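Quick notes on the structure that follows.
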Amino acid sequence: MLARVWSASLIGIESVKVGVEVDVSGGLPAITVVGLPDTAVQESRERVRAALKNSGFAFPVRKIVINLTPADLRKEGPSFDLPISVGVLAASEQVDPQLLGDFLFVGEMSLDGSLRAVPGILPIAARAEKLGFTGMVVPLDNAQEAAIVKGISVYGFKHLSEVAQFLAEPDRHQAVQLDAIAESTKLPFPTPDLKDVKGQNHARRALEIAAAGGHNLIFVGPPGSGKTMLARRLPGILPPLGFEEALEVSEIHSVVGLLKNKGSLIRERPFRAPHHSASGPSLVGGGSFPRPGEISLAHRGVLFLDELTEFKRNVLEFLRQPLEDGFVSISRTKQSVTFPAQFTLIASTNPCPCGYFGDPIQACSCSPRQREMYWAKLSGPLMDRIDLQVAVNRLKPEEMTRQPTGEDSQAIRDRVKQARQVAQERFKQEKSIKSNAEMQSGHLRQFCQLDEDSRSLLEGAIRKLGLSARAMDRILKVSRTIADLAESEKIQSSHVAEAIQYRTLDRIA
C-alpha cells in the first residue's frame, strides 16, 4: 500500500515542502530511502524500525521504499523521522490516513518512540501556513515555537503513540494556544544604561544618531576610554522590534537552534559580538550547505566588532556587500541561498598599534609608518560605509571622580522612537525600508534636499577631506537623521555641519 505524508526541509532560512511517500509491497524485507537523503536521513531507517517496535506497533517485514520529493532537493537532518514513521504506519494500515493530506509532520525520534525537538520549526510553521495546511504535528518541545505563527493549528506530542491516537481521534485533542502579539510586546528594558556613563557627551550623541537612523558607527580612542562600554549600551536606546521584525529575527535564530525560550519571539534587538579571530564563513555565513553567520544573527540589531583592526582584512572585506545591500548571497555548487543582514555595525579600535596616538596624557610610541600600516588594514571602501566616525578620549581625573550626570537610556530611547516613527511615515510606501540608513539614491534626491548654505558647506568638506560620492551620501543620510531628531522637516546647515564632523577620521592616519 502507498501512503503520502507531508513534511518540510530548510534551504538556508527558507522552508520547502517535502512529500514523504512510503510504499509497502511484497518482496524481500528491506528499507530503501531515495530522494537525495543525507546520512542523518538514511539513518532514520534504523531509528524508525526500533521506535515502531518499542512503541507497540508492528514493523512490516516486507519491502519498503521511501521516496522524498522533490527528488532533486537534498534532504538533511533527523526531522523526517516522524513523517517517515507515520507513513510506514499508514502504508501498513495501522493508522487512519485520512488526515495526512491536511497536516504537516516534523520531528526527530528516539529509539523508544519519544519525540525530540528539531531546529528551524518557526520558518517551517510560517511556510506551512502560507501553503494552506490545516495544522502541524510536532514534538511537544517545538509546539510553543510553532504556535507563534497565526492561522495554523499546532499539535505537540511527546511520543509516537500519542500521534497515532491523534490520527485516530483528532477531535479529542486541543491545539496549542499562544497569543503571538502579546508575546512580542512584552519588552523588558535592556541594560546596561547610559546614565552610568561619565562624560563622553560627543560619543553619547553619536550613539543617539546611530540608533535613530540605523547608522554604522566606529569609536576610535586609546585603551580605557570607554569605547566598548559605550557600544554595549546601544541596544538600550534602540526602539523595540515590531511584530514582523521580531518574526524575521526569531526565524533566523530558530534555524541555528538559538531560540532559547521556545514559544516566545525574540523581543530585544540582537547584539552580536564575534571575536576578532572569527573566520569569513562564521561572520557572513557559509558551509557546504550554507547556514546564517553572525551578520544574519544580528539582523535588525547590532553587530559589534571590538578591536576592528585585529580582524583579518579579508574577513572585513566580506562585510562590504552586506553593509550596502542589507543581505548576503552565498553560492555553492549545489545551491545558492540569501540571508537577511540588515544590521547596525558598531566598531571600536585604537588609533595606532600602541593605542595612544593623539592622547593628551600618554605619548604615542609609534612611527608614522607604523600608524600607516595599522590603518591600512581598513580599506577605504569599508570606511566609506561607516557613517559615524567618532574619536573617544580618556576622561580627565576630575571627570572620573564626578558623579554621572547624563540622561538615562529611556529618555534617549523615547527620542529615538519618535525619530524612527517620522522616518517610517516618510517611507510608508517602501515596505523594505525601515530607517534613514537604508535610503537609496532616489530617496536622497527626494528627502535630503539642501539649501544653498548647506550645499556650499558640503562641497567644501568634500574638497578638504577628499570624500567619495558614497561618503557624501552617508553625510546626507546622517543629516536627515539629525533633522528628524530636531523635529525639522528640512535639513539645515547646522545639521549638515554636525554630520560632517563625524567624517574627520577618514584621514586619521
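The values are calculated or read from the model by the stated rules, or taken from the named source; none is laboratory data. Note that this is a predicted model, so its numbers are computed, not measured. Cβ sites come from the backbone with ideal geometry, for glycine too, and all protein chains shown count toward neighbours. For accessibility, only protein heavy atoms count, side chains too; no ligands or nucleic acids. Shrake-Rupley method; radii C 1.70, N 1.55, O 1.52, S 1.80 Å.
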Checklist entry - Would you say R463 is touching a residue at least 40 places away in the same chain (Cβ under 8 Å) and open to solvent by 50 Å² or more (accessible area, probe 1.4 Å)? => result no
Next on the checklist: On the basis of being in contact (Cβ under 8 Å) with a residue 40 or more places away in the chain, assigned to a helix (DSSP H, G or I) and surrounded by 23 or more Cβ atoms within 10 Å (Cβ to Cβ), does I218 make the cut?
Outcome noted: no
Item to check | Filtered residue count, the stretch 1-55, keeping only those that are among the aliphatic types (A, V, I, L, M) and crowded, with 18+ Cβ neighbours inside 10 Å | outcome: 15
Checklist outcome for this item: Exactly one of R394, R402 is closer than 30 Å to L465 by Cα, at pLDDT below 90, more than 29 Å from the chain's Cα centre (by Cα) and not aromatic (F, W, Y), and that one is R394
Checklist entry - When S7 is evaluated against the numbered criteria (1) assigned to a helix (DSSP H, G or I); (2) in contact with a helix residue (DSSP H, G or I) (Cβ under 7 Å, 6 or more places away or on another chain), which criterion, by number, is the only one it fails? => result (1)
Checklist entry - How many of the residues making up the stretch 409-423 are of a type outside the set (D, E) and open to solvent by 40 Å² or more (accessible area, probe 1.4 Å)? => result 6
Item to check | Selection count, the stretch 352-379, where residues are assigned to a loop (DSSP other than H, G, I, E, B) and either touching an Asp or Glu at 6+ places or on another chain (Cβ under 9 Å) or of a type in the set (K, R) (or both) | outcome: 2
Next on the checklist: Can you confirm whether P360 is open to solvent by 30 Å² or more (accessible area, probe 1.4 Å) and more than 30 Å from G466 (Cβ to Cβ)?
Outcome noted: no
Item to check | Odd one out for R480 among (1) farther than 27 Å from P351 by Cβ; (2) open to solvent by less than 50 Å² (accessible area, probe 1.4 Å); (3) under 27 Å from the mean Cα position of the chain (by Cα); (4) at pLDDT below 95 | outcome: (4)
Next on the checklist: List the residue pairs whose Cβ atoms are under 7 Å apart, where the first residue sits in the stretch 377-406 and is touching a residue at least 24 places away in the same chain (Cβ under 8 Å) and within 20 Å of C352 (Cα to Cα), the second is among the hydroxyl-bearing types (S, T, Y) and part of a loop (DSSP other than H, G, I, E, B), and the two are 6 or more positions apart or on different chains.
Outcome noted: D384/S468; L388/Y502; Q389/Y502; V390/Y502; V392/S225; N393/S225; R394/S225
Checklist entry - Does I386 meet the test of being open to solvent by less than 70 Å² (accessible area, probe 1.4 Å), in a helix (DSSP H, G or I) and at pLDDT 90 or above? => result no
Checklist entry - In the stretch 435-460, which residue that is of a type outside the set (G, A, S) and touching a Lys or Arg at 6+ places or on another chain (Cβ under 8 Å) is most open to solvent (accessible area, probe 1.4 Å)? => result Q449
